[in-house]
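The structure under discussion is supplied below as structure tokens; questions concerning it will follow.
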Amino acid sequence: MIGVFDSGVGGLTVLRSLVAELPAEQFVYLGDTARLPYGTKSAQTVVRYALQATEALAAFRLKCLVIACNTASAVALPAVGERIASVPVIGVIEPGAEAACAASSSGHIAVIATEGTVRGGAYQQAIRRRRPAAQVTAVPAPLLVALAEEGLCEGPIAEAVAHHYLDPLFATAGRIDTLVLGCTHFPMLGRAIRAAVGSGIGIVDSAQTTARHVRRALVQAGIAAAAGEGGVRLLATDAPQRFARIGARFLQRPIAPEEVQLIDL
């Protein structure tokens, strides 16, 4: 069983990529919907929440844990790794940073994320660890989160908001050739973002890069499922009906409310 957790439904984009990359694996996903968003909380609170989610998922005898939340990946990954040291723990930031460094020829990289992720500097630091000379420009794009949750992912509204954030960024930041989608909601607006930046900019989807990273880690550890029919179990800490309704768009398949188990952390 592979555990995945996020503060809400955004991490379902990571789960969707994981299922596509590892179709024979069993997954259990926990959305901490009672306490979202994590991005507005203190680092100490996010660590506490992440450890509680880890404890809940550890009951499923995990072979890997994926932190499908940028904020929790930024501040809680070391603590989670200590708490569940017997299995690989993978966040979304390091795979995204690695892919951005590989994709950029100029070393000028942009990151759009939530305000908390930008303020914490996790992507900037992760990119510069791999490529010290990189020039990283990170900007918050909070309205994109709201659009994704409302299902306004394409069309004039989505494109106008994408232009609102991206036009100033690309007008003032010089030779940017790579854009990192540093929030798990943002892949939902991939077409609008592509329309705003044009065809010449490389876009790094941290959900896809994380899924590939997880597959490599499982194969290297010799614990990847070789065959069989995979499956997904869904947990939420509040409002399973809302989780099912909004999450269906992120997972790109119908979710019946009874599929979502309500748990208390």
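Residue by residue through the stretch 110-142, note down the ones that are touching a residue at least 60 places away in the same chain (Cβ under 8 Å) and in contact with a Leu (Cβ under 7 Å, 6 or more places away or on another chain).
Ala110, Ile112 - these are the residues of the stretch 110-142 that are touching a residue at least 60 places away in the same chain (Cβ under 8 Å) and in contact with a Leu (Cβ under 7 Å, 6 or more places away or on another chain).
Considering only the stretch 1-108, give the helices (runs of 4 or more DSSP H) lying wholly within it that have at least 2 residues that are assigned by TED's automatic domain parsing to the domain that holds Arg119.
It comes to 93-103.
What number of residues in the stretch 169-205 are touching a residue at least 12 places away in the same chain (Cβ under 8 Å) and assigned to a helix (DSSP H, G or I)?
Adding up the residues that qualify gives 13.
Would you point out which residue out of Val75, Val161, Val87, Val145 is in contact with a strand residue (DSSP E or B) (Cβ under 9 Å, 6 or more places away or on another chain) and either of a type in the set (Asp, Glu) or touching a residue at least 12 places away in the same chain (Cβ under 8 Å) (or both)?
Val87
Next question, about the same structure. Residue check: is Glu25 in contact with a Gly (Cβ under 9 Å, 6 or more places away or on another chain), more than 24 Å from Ile112 (Cβ to Cβ) and acidic (Asp, Glu)?
yes
Residues of the stretch 246-265 being farther than 25 Å from Gln52 by Cβ and either among the basic types (Lys, Arg) or loosely packed, with under 15 Cβ neighbours inside 10 Å (or both), which ones?
To start, the set of residues in the stretch 246-265 that are farther than 25 Å from Gln52 by Cβ comprises 248-249, 252-254, 256.
Passing the criteria: Arg249, Gln252, Arg253, Pro254, Ala256.
Would you point out the residue of the stretch 1-60, among those that are farther than 26 Å from Arg215 by Cα and of a type in the set (S, T, N, Q), that is modelled with the lowest pLDDT?
Thr40
Here's another thing I want to ask about it. Return only the number of the condition from (1) surrounded by fewer than 18 Cβ atoms within 10 Å (Cβ to Cβ); (2) over 23 Å from Thr237 (Cβ atoms) that Leu22 does not satisfy.
The number of the failed condition is (1).
Only residues that are closer than 21 Å to Phe186 by Cα and either in a strand (DSSP E or B) or touching a Gly at 6+ places or on another chain (Cβ under 6 Å) (or both): list them for the stretch 123-150, please.
Within the stretch 123-150, Tyr123, Val136, Thr137, Ala138, Val139, Pro140 meet the criteria.
Search the stretch 210-245 for residues being surrounded by fewer than 22 Cβ atoms within 10 Å (Cβ to Cβ) and of a type in the set (Val, Ile, Thr), and hand back the single one that is nearest to Ile93 (Cα to Cα).
Among those that are surrounded by fewer than 22 Cβ atoms within 10 Å (Cβ to Cβ) and of a type in the set (Val, Ile, Thr), it is Val219.
The values are calculated or read from the model by the stated rules, or taken from the named source; none is laboratory data. If you're wondering where the values come from, they're calculated on a predicted model, not measured in any experiment. A quick note on method: Cβ atoms are made from the backbone with ideal geometry, for glycine too, and the neighbour counts reach across all protein chains shown.
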